[in-house]
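First the structure, in the form of structure tokens, and then the observations on it.
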Amino acid sequence: MQFIRFSDLCEQGRIKDKRVFIRADLNVPLNEQGQITEDTRIRASIPAIELALKAGAAVMVTSHLGRPTEGQLQAKDSLAPVAKRLSELLGQDVPLVANWVDGVEVAPAQVVLLENCRGNVGEKKNDPALARKMAALCDVFVHDAFGTAHRAEASTYGIAEYAPIACAGPLLAAEIDALSKALSQPKRPLVAIVGGSKVSSKLTILRSLAEKVDALIVGGGIANTFMLAAGLPIGKSLAEVDLVDEAKRIMQLMAERGSVVPIPEDVVTATEFAADAKAVVKNATQVAAEDMILDVGPRTAQRLAEQLKTAGTIVWNGPVGVFEFDAFENGTKTLAEAIANSEAFSIAGGGDTLAAVAKYDLESQIGYISTGGGAFLEVLEGKTLPAFEILAKRAA
């Protein structure tokens, strides 16, 4: 897709003395004392802000935080802790501005943080009057929050309609580039790994991927449903019996394209769901009525790892077992390390996936780590995200 890059505008000298409005994703976790417990999203927002400051812009940044009621911001909804952390990371004071919709005072080389945008009445419904007011604050709107790209809200979509210039910040541009490389122009074979607990939550993703990938690997509770579809016993494992026919259809789709959905040949079971449960490796045909499948077996994990060696592109969303429990992590760990060691371009997304990548310290070996949960899933479903749509429209 075609879109304007903020970095290009800066290089062309078009940002000096301009009012730049950056929609970032600063929705970080806070403890009961209102302290930030993990600041990855704040650190990820710094490149766009520094780019704007170095280019001589007057910079405004906003984000949502939590789920406040519009028009009724509480103290717990305030971006005050974020303003403090931004000040530390940027090495300059970042004032927090409340009631900013009707006007903001900010000079070139200064940056202000605009209070929680979800507090503005009309934000979630993308009210045109609110969006026009936001757009009037700036000369350039920069969307740099991929985690919100699947929502058409006033601060993510409406402002982009009405701002003089609307462009993608470095974080969003990197997401667009990586997703395009993985899904629009992939180096083949294109292999997708979809794990997680339920087929129903990822049904449209599986259908969409089955029509475009060269290999589709399923894991977790999703794999159990496919095992049922293949006529295998799963004991008391998590599965969705009513979606067995859908699993069969997806298997048929892959077969028509000359591929298969690999079904586990061995599994790791336990009779209870607990970190200290006794792990037993069994052939997939020997799962007993009292067994719960909590991971793929070592033979299956190795077979899948071998398959990944030949991939040109790998898209990964979801673990293949209960990797949080050490006794049931081998499948996810084996695949994660295979992805990291592969020469393929790899993109990983989704909270559990990123937790696995972090657990095995593989961040630097994954081609691209997507920061958006819901947005990443919607792209895998084949949807055009509202943010992508409006940026492409404005670029045209």
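The values are calculated or read from the model by the stated rules, or taken from the named source; none is laboratory data. This structure is a prediction, so every number in the text was calculated from the model and none was measured. Cβ placement follows ideal geometry from the backbone for every residue including glycine, while neighbour counts extend to all protein chains displayed. The accessibility values were calculated without ligands, DNA or RNA, using every heavy atom of the protein model including side chains. Shrake-Rupley method; radii C 1.70, N 1.55, O 1.52, S 1.80 Å.
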From phi via Karplus (6.51, -1.76, 1.60), per-residue ³J(HN,Hα) for the range 60-68 in Hz, x at Gly/Pro:
10, 10, 9, 6, 8, 8, x, 10, x
Relative contact order (%) - criterion: Cα under 8 Å, at least six apart; region: the range 266-396
19
On average, how much area does the Cα convex hull of the range 300-396 cover when viewed from any direction, in nm²?
7.1
Amide N of the range 288-332 lying under 17 Å from the label point, which is placed 7 angstrom from the Cα of Ile263 along Cα→Cβ:
288, 293, 296-297, 300-301, 304
Heads up, I need the accessible area for Lys84: 1.4 angstrom probe, whole protein in place, Å², nearest 10.
140
Taking the square root of 5 times each eigenvalue of the Cα gyration tensor, what semi-axes in Å does the equivalent ellipsoid of the range 105-165 have, largest first?
18, 13, 12
Given R₀ = 45 Å, FRET efficiency for Gln185-Ile46 by Cβ-Cβ distance, to 0.05?
0.90
Charge sum, other residues only, whose C-beta stays under 9 Å from Gly297's C-beta, Lys/Arg counted +1 and Asp/Glu -1
-1
Could you give the length gained by full extension between Gln286 and Lys309, i.e. 0.36 nm per residue of separation minus their alpha carbon distance, to one decimal place?
5.4 nm
Calculate how many DSSP beta bridges within the chain are antiparallel, expressed in % of all such bridges and rounded to the nearest 5.
20
Relative contact order as a percentage, the range 49-101, C-alpha pairs under 8 Å and 6+ apart, gives 22
Going by a ≥ b ≥ c, the root eigenvalues of the Cα gyration tensor, does the range 3-131 fall in the rounded group (a/c under 1.5), the prolate group (a/b larger than b/c) or the oblate group?
oblate
Phi to ³J(HN,Hα) by Karplus 6.51 cos²θ - 1.76 cosθ + 1.60 over the range 327-341, Hz, x for Gly, Pro:
5, 10, 9, 4, x, 5, 5, 4, 5, 4, 5, 5, 5, 4, 8
Here the range 390-396 yields Karplus 3J(HN,Hα) values (6.51, -1.76, 1.60; θ = phi - 60°; whole Hz; Gly and Pro given as x) of 6, 5, 5, 5, 5, 5, 6
Can you compute the helix-only [θ] at 222 nm over the chain? Use -39500 (n - 2.57) per DSSP H run of at least 4 residues, normalise by all residues, nearest 500 deg cm²/dmol.
-10000 deg cm²/dmol
Beyond 24 Å (Cα-Cα) in this structure, taken from Lys187/Lys212; Lys76/Lys202; Lys84/Lys125; Lys54/Lys124; Lys18/Lys181; Lys76/Lys133, we find Lys76/Lys202; Lys84/Lys125; Lys54/Lys124; Lys18/Lys181; Lys76/Lys133
The simple spin-label model distance between Ala255 and Ala109, using points 7 Å out along Cα→Cβ, in nm, is 7.0
Expressed per residue, the solvent accessible area of the range 243-396 in Å² (1.4 Å probe) is about 43
List the GluC sites (Glu not before Pro) within the range 85-129 that fall in a DSSP loop (any state other than H, G, I, E or B) and whose Cβ has at most 13 other Cβ atoms within 10 Å.
Glu105
Normalised by the residues of the chain, what does the relative contact order come to in percent, with Cα pairs under 8 Å and at least six apart?
16
Please report the carbon-and-sulfur percent of the accessible area for the chain; probe 1.4 Å, protein heavy atoms only, DNA, RNA and ligands left out.
49
Note the direction-averaged projected area, equal to a quarter of the hull surface, for the Cα convex hull of the chain, in nm².
20.2
Place a point 7 Å from the Cα of Leu89 along the Cα-to-Cβ direction; which residues of the range 53-82 have their backbone N under 14 Å from it?
61-64, 80-82
